[in-house]
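**Student:** Below you'll find the structure I mean.
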C-alpha cells in the first residue's frame with residue numbers, strides 16, 4: 001500500500017500525472033508493516049513535506065473540513081487551538097476558490113460544546129478558543145459565521161446556506177456527512193502541493209469478491225479529482 005502511494009506522489013512531482021485518487025487502505029496492515037501513520041492523510045503530508053493540511057469530506061449537499069482528525073475524543077480538548085482553527089479555515093477557503101470555483105465562499109464554524117457552550121455554562125472552549133479564531137479569520141477577510149451549535153448548523157449547511165463547515169473533531173463532521181452521503185462522498189486532502197481525493201470508506205475485506213461493494217465513492221473521487229485539476233488549470237490561465 002505504501003509503495004503505491006509513494007509511486008503516485010513521485011509521478012505527480014515528475015509531471016507524469018495530474019492528481020491522485022486513492023482506494024481505501026487497511027490501517028491495521030499499515031501498522032503491522034511498521035508504519036506509524038494513522039491513515040493516508042498523514043503519510044501524504046510527510047511524503048510531500050506538508051506541515052499544514054486539512055481533511056475534507058465532500059458530497060453534493062455538504063462539505064466538511066476537520067480541525068482535528070484521527071485522535072481520541074479526550075485528546076480533542078488538548079489539540080484544539082485558535083491557530084489550528086484559523087489554519088483550517090484558511091486552507092479550506094483557498095481550496096474552495098482554487099478547486100471548486102467559488103469566488104466568495106461562506107464558511108460556518110461548528111461549536112465544540114452543546115448549545116455552543118451556553119455562554120460558558122457547558123464549557124469555555126467557544127469563548128476562549130473558537131470565537132477568537134473566528135474573529136482572526138474575519139480580520140483576514142474570510143466570510144465566517146460561528147461558533148454555531150452543530151445540531152442546527154448541519155441542517156442549514158445541507159440546505160445550501162454555507163460553502164463548507166469547519167468541524168472541531170472527526171465524528172462531529174463525519175456523522176452528518178455520511179448520513180447524507182454514505183455511498184457517494186469523497187475524501188480530499190487539502191493543503192498539499194498536489195491534488196488528492198479518495199473514497200470515504202474502508203476496505204470492507206468481509207465483502208471483497210462478493211459483488212456487494214458499491215463503487216460510487218471511488219467513481220466520484222475520480223471525477224472530483226479531474227474537476228479539481230480543471231478548476232486549478234483555469235485559475236492559472238486567468
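The values are calculated or read from the model by the stated rules, or taken from the named source; none is laboratory data. Remember, predicted model here, so these are calculated numbers, not experimental data. No Cβ is skipped: glycine too gets one built from the backbone with ideal geometry, and neighbour counts run over all protein chains shown.
**Student:** Has the range 186-202 got any residue that is on the phi > 0 side of the Ramachandran plot and within 15 Å of the chain's Cα centre (by Cα)?
**Tutor:** For the range 186-202, residues on the phi > 0 side of the Ramachandran plot and within 15 Å of the chain's Cα centre (by Cα): present.
**Student:** With respect to residue 193, is the statement that it is surrounded by fewer than 18 Cβ atoms within 10 Å (Cβ to Cβ) and over 30 Å from residue 123 (Cβ atoms) true?
**Tutor:** yes
**Student:** Name the residues in the range 23-46 that are at pLDDT below 90 and outside any helix (DSSP H, G or I), would you?
**Tutor:** 24, 25, 26, 33, 34, 35, 36, 37, 38, 39
**Student:** Within the range 52-59, is there a residue that is surrounded by fewer than 17 Cβ atoms within 10 Å (Cβ to Cβ), more than 14 Å from residue 174 (Cβ to Cβ), modelled with pLDDT of 85 or more and within 15 Å of the chain's Cα centre (by Cα)?
**Tutor:** Yes, the range 52-59 contains a residue that is surrounded by fewer than 17 Cβ atoms within 10 Å (Cβ to Cβ), more than 14 Å from residue 174 (Cβ to Cβ), modelled with pLDDT of 85 or more and within 15 Å of the chain's Cα centre (by Cα).
**Student:** Sort out which residues of the range 127-149 are assigned to a helix (DSSP H, G or I), under 20 Å from residue 78 (Cα atoms) and either in contact (Cβ under 8 Å) with a residue 60 or more places away in the chain or under 23 Å from the mean Cα position of the chain (by Cα) (or both), and write them in order of number.
**Tutor:** Scanning the range 127-149 gives 129, 130, 131, 132, 133, 134.
**Student:** Report, by residue number, each residue of the range 106-133 that is surrounded by fewer than 20 Cβ atoms within 10 Å (Cβ to Cβ) and within 30 Å of residue 226 (Cβ to Cβ).
**Tutor:** Hit for the range 106-133 is 106, nothing else.
**Student:** While we're on this one: Being without any contact (Cβ under 8 Å) to a residue 24 or more places away in the chain, part of a helix (DSSP H, G or I) and touching a helix residue (DSSP H, G or I) at 6+ places or on another chain (Cβ under 7 Å) is the filter here; which residues of the range 69-126 pass it?
**Tutor:** 126
**Student:** On the basis of being surrounded by 21 or more Cβ atoms within 10 Å (Cβ to Cβ), on the phi > 0 side of the Ramachandran plot, assigned to a helix (DSSP H, G or I) and touching a residue at least 24 places away in the same chain (Cβ under 8 Å), does residue 157 make the cut?
**Tutor:** Taking the combined requirement at face value, the residue does not satisfy it.
**Student:** While we're here: Among (1) exposed (fewer than 15 other Cβ atoms within 10 Å of the Cβ); (2) at pLDDT 95 or above; (3) within 23 Å of residue 170 (Cβ to Cβ), there is one condition residue 20 misses while meeting the rest; what is its number?
**Tutor:** All conditions pass for residue 20, except number (1).
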